[in-house]
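Just below is one structure, and these are the notes that go with it.
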Amino acid sequence: MRDANQIVAEVHEELKQRAVPGTTTRELDELAERIAIKRKAKCAFKGYRGYPNCLCTSLNEVIVHGIPSDRVLKEGDILSLDFGVIYNGFYGDAAVTIPIGQSSETAENLMRTTEKCLDKAIGLMYEGNRLADVSAVIQGHAEKNGYSVVRDFVGHGIGRSLHEDPQVPNYGKSGTGIRLKRGMVLAVEPMVNLGDWGIRILKDGWTAVTKDGSLSAHFEHSVAITDNGPCVLSKLQ
Ligand code: MF3
Ligand code: CO
């Protein structure tokens, strides 16, 4: 699982460098696919329930599942890049949100807070803790900063399938839910909106946007629970 996730991490590094004003989201998708092929990995999302591409490129008010297109990135956009592979029978999955050039302070704060939600969640991923401890810390940190957490999409177990049990909501009541056990691998993925948590799906059947048109940020890591605590498999080593 580490190998699959390290390929994902490598792709994210390359994408971050290419995601500048003037680049199209399709070019990023093609770059991700090229690297996956070179590393003998398969794109996990392409063909998944009919998803057309390797990468999800979610701009500004798009929460998740934005489809790569000829849309040109412009200064001040924020872009979520979500990518997964299957390698040697195991899945890797991770996402980041990045500014294109320089973004507004409002956007920067949203991204920083969302990433912090993920960090705090990972910090609780010890055997014996409860699943909803993780969920609650995400919700708590987001709401403390005046944001809302998306309800309609959740994190997930990951392994020989992209989506395994348990679901990992980004909201919940600490002290509830199953106990975390070593050997579990969870893809934790806070999606945080500047405004309300309501969503709408565009006519393409995939693109999830905020109902109120507000900005949204998304970060994701695949995290193993080990004897020594959480191990972030999708962080480049
Ligand atoms: N990171 C997302 C997920 O875990 C990406 C899924 S895109 C899809 O579920 F196309 F594969 F659905
Ligand atoms: Co995921």
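With a 1.4 Å probe and all protein chains kept in place, how much accessible area does His163 have, in Å² rounded to the nearest 10?
90
Past the 30 Å Cα-Cα mark, which pairs from Lys120/Lys211; Lys40/Lys203; Lys173/Lys235; Lys46/Lys74; Lys38/Lys116; Lys16/Lys38?
Over 30 Å apart, Cα to Cα: Lys40/Lys203; Lys38/Lys116.
Provide the per-residue ³J(HN,Hα) series for the stretch 56-68, in order, calculated from phi with Karplus coefficients 6.51, -1.76, 1.60 and θ = phi - 60°, each as a whole number of Hz, with x at glycine and proline positions.
After applying 6.51 cos²θ - 1.76 cosθ + 1.60, I find 9, 10, 10, 9, 6, 7, 7, 7, 8, 6, x, 8, x Hz.
Which of the trypsin sites (Lys or Arg not before Pro) found in the stretch 85-168 are in a DSSP loop and have at most 14 neighbouring Cβ atoms, other than their own, within 10 Å?
The qualifying sites are Arg151, Arg160.
If you roll a 1.4 angstrom probe over the protein chains with everything in place, what fraction of the accessible area of the stretch 2-232 belongs to carbon and sulfur, to the nearest %?
That fraction is 47 percent.
Where the only charges are on Cβ atoms (+1 Lys, Arg; -1 Asp, Glu), what is the dipole of the chain about its Cα centre, to the nearest 20 debye?
Dipole of the chain, to the nearest 20 debye: 540 debye.
Calculate the all-directions average of the projected area of the stretch 89-237's alpha-carbon convex hull, and give it in nm².
9.7
Across the stretch 1-153, how large is the tail of the calculated P(r) beyond 27 Å, expressed as a percent of all Cα pairs?
Cα-Cα pairs in the stretch 1-153 separated by more than 27 Å: 28 percent.
Mind listing the lone cysteines of the chain, meaning no other Cys beta-carbon sits under 4.7 Å from theirs?
Those would be Cys56, Cys117, Cys231, since no other cysteine Cβ in the chain comes under 4.7 Å of theirs.
Give the distance, in whole Å, between the Cα centre of the stretch 1-74 and the Cα centre of the stretch 213-235.
Between the Cα centres of the stretch 1-74 and the stretch 213-235 lies a distance of 17 Å.
Over the stretch 153-211, give the accessible area per residue in Å² for a 1.4 Å probe, as an integer.
Averaged over the residues of the stretch 153-211, the accessible area is 51 Å².
Mind checking the per residue accessible area of the stretch 1-82 for me, 1.4 Å probe, whole number of Å²?
On a per-residue basis, the stretch 1-82 sits at 45 Å².
Along the positive direction of the dipole of the chain (beta-carbon charges: Lys, Arg +1; Asp, Glu -1; about the Cα centre), which of Asn145, Gly92, Thr25 reaches farthest?
Of the options given, the answer is Gly92.
Please identify the helices of the chain, taking whole runs of DSSP H, that span at least 18 Å along their own axis as judged from the Cα atoms and have a mean Kyte-Doolittle score of -1.0 or higher.
Sorted by number, the helices that extend far enough and score high enough are 25-38, 105-122, 131-144.
How would Tyr51, Tyr171 line up by accessible area, probe 1.4 Å, largest first?
Correct descending sequence by accessible area is Tyr171, Tyr51.
How much accessible surface area, in Å² rounded to 10, belongs to the heavy atoms of Ser214 with a 1.4 Å probe?
20
Could you work out how far apart the two model spin labels at Ser161 and Lys211 are, taking each label as a point 7 Å from the Cα in the direction of the beta carbon, and quote it in nm?
Going by the 7 Å Cα→Cβ label model, 3.0 nm.
Where both partners of a DSSP beta bridge lie in the stretch 2-232, what percent of those bridges are antiparallel, to the nearest 5?
If we restrict to bridges inside the stretch 2-232, about 100 percent are antiparallel.
The values are calculated or read from the model by the stated rules, or taken from the named source; none is laboratory data. Since this is a predicted model, take the numbers as computed values, not measurements. Neighbour counts are summed over all protein chains in view; Cβ atoms, including those assigned to glycine, are modelled from backbone coordinates with ideal geometry. Side chains are part of the model used for accessible areas, which takes the heavy atoms of the whole protein and leaves out ligands, DNA and RNA. Shrake-Rupley method; radii C 1.70, N 1.55, O 1.52, S 1.80 Å.
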